[in-house]
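The values are calculated or read from the model by the stated rules, or taken from the named source; none is laboratory data. Since this is a predicted model, take the numbers as computed values, not measurements. Counting neighbours? That spans all protein chains shown, and the Cβs are built from the backbone with ideal geometry, glycine included. Please note that ligands, DNA and RNA were not included when accessible areas were found on the heavy atoms of the full protein model with its side chains. Shrake-Rupley method; radii C 1.70, N 1.55, O 1.52, S 1.80 Å.
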Amino acid sequence: MPRNVTTLAVSKYICAADELCRKSGLHITMGDDFEEYVRITSRLPGKSPTYPFFRPDCSDLPPRKVFWIVGRDREGRVAHAQGMRLDDLSNTNLAEHLGSLRAFFSHPNLQAGLDSSCSCYAPNARKITGLVAYHGDMWLREDFRGRGLLVIISRLAFGLAWARWSPDFIYGLVPGWGIENGVVNRYGYLHREPHGSVLRLPAQGIDDDDWLVWLTRDELLRMLSHTSEIAVEP
């Protein structure tokens, strides 16, 4: 663990990131009630539906293991959303977790529906184990894009995840266009492998082939040690 990364340093970064968002006209709120979150996100024009990861009718989402971030403009209209959840994979690994559909459903046999499946072909997914945080459902309204906010809001979520859970890994699942256009680079993920989640959920209208992207705990701490110094500069 980098010596200069402390809870105080990360707390300062979180506060500084929140202030940077405010200066850009984005007012951040945080919560852990995902029924409320789905009510919010289901009404957002241009945002794809929230996946079972963060839907309480599909997944068990106890407050101590989840949080969401929502940003509103100066008129109070929602302009940003993202979610984070923690899974204890100490006795398994991410490839098995995804393949079993437990990443998406509390009771896959009862909830997933006919012909549902998930295959993870990313080789390093089997090395992702322990306390593992999933970061997803990222959305930023079009008029807020191009301001550098993707960097700030993703690192804000990473800082909050470290402060709450100190996970061994943080991962995401992103479509190919997110790799091609460099969006994942702005999020801050250092590793990526194709076919991380080949997901078929016919009842949900989902047919995806996403990349696996991730950070280790040490990489996250190095990132926060660097960005916290930048963020708190006057």
Notebook entry, point to check: Among Lys12, Lys127, what's the order by accessible area (1.4 angstrom probe), most exposed first?
Noted result: Lys127, Lys12
Next item on the list: Kindly provide the trypsin sites (Lys or Arg not before Pro) of the range 39-94 that DSSP labels as loop, not H, G, I, E or B, and whose Cβ sees at most 14 other Cβ atoms within 10 Å.
Entry: Arg43, Arg74, Arg77
Check: What is the magnitude of the charge dipole of the chain about its Cα centre, with +1 placed on the Cβ of each Lys and Arg, -1 on the Cβ of each Asp and Glu, and no other charges, expressed in debye to the nearest 20?
Finding: 560
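Pulled fully out, how much extra length does the chain show between Tyr121 and Glu193, if you take 0.36 nm times their separation in residues and subtract their Cα-Cα distance?
Extra length from Tyr121 to Glu193 when fully extended: 25.1 nm.
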Check: Does a label point 7 Å from the Cα of Arg77, set along Cα-to-beta-carbon, have any residues of the range 45-60 with amide nitrogen under 16 Å, and which are they?
Finding: 45-47
Notebook entry, point to check: How large is the dipole of the range 1-49 about the Cα centre if only Lys and Arg carry +1 and Asp and Glu carry -1, each at its Cβ, rounded to the nearest 20 debye?
Noted result: 280
Next item on the list: Report the calculated FRET efficiency for Lys12 and Glu219 (r = Cβ-Cβ distance, R0 = 22 Å), to the nearest 0.05.
Entry: 0.65
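What does the accessible area per residue of the chain come to in Å², with a 1.4 Å probe and no ligands, DNA or RNA counted? Intermediate values should be presented prior to the final figure.
Working: 11220 Å² over 234 residues.
About 48 Å² of surface per residue is accessible.
Highest mean first, what order results for 110-116, 144-150 on Cβ atoms within 10 Å? Write out the running numbers ahead of the final one.
Numbers: 110-116: 13.3, 144-150: 15.3.
Going by the mean number of other Cβ atoms within 10 Å, highest first, we get 144-150, 110-116.
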Margin query: Can you compute the FRET efficiency between Leu114 and Ser42 using 1/(1 + (r/R0)^6), with r the Cβ-Cβ distance and R0 = 30 Å? Round to the nearest 0.05.
Written below: 0.75
Notebook entry, point to check: Between Met30 and Arg145, what FRET efficiency comes out of the Förster formula 1/(1 + (r/R0)^6) with R0 = 35 Å and r the beta carbon distance, rounded to 0.05?
Noted result: 0.95
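Within the range 68-163, report the GluC sites (Glu not before Pro) that DSSP leaves as loop and that have at most 16 other Cβ atoms within 10 Å. If you can, show how the numbers build up before the last one.
Values: sites: Glu75, Glu96, Glu142; in loops: Glu75.
Qualifying residues, ordered by number: Glu75.
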Next item on the list: Can you send over the carbon and sulfur percentage of the accessible area for the chain, probe radius 1.4 Å, protein chains only?
Entry: 50
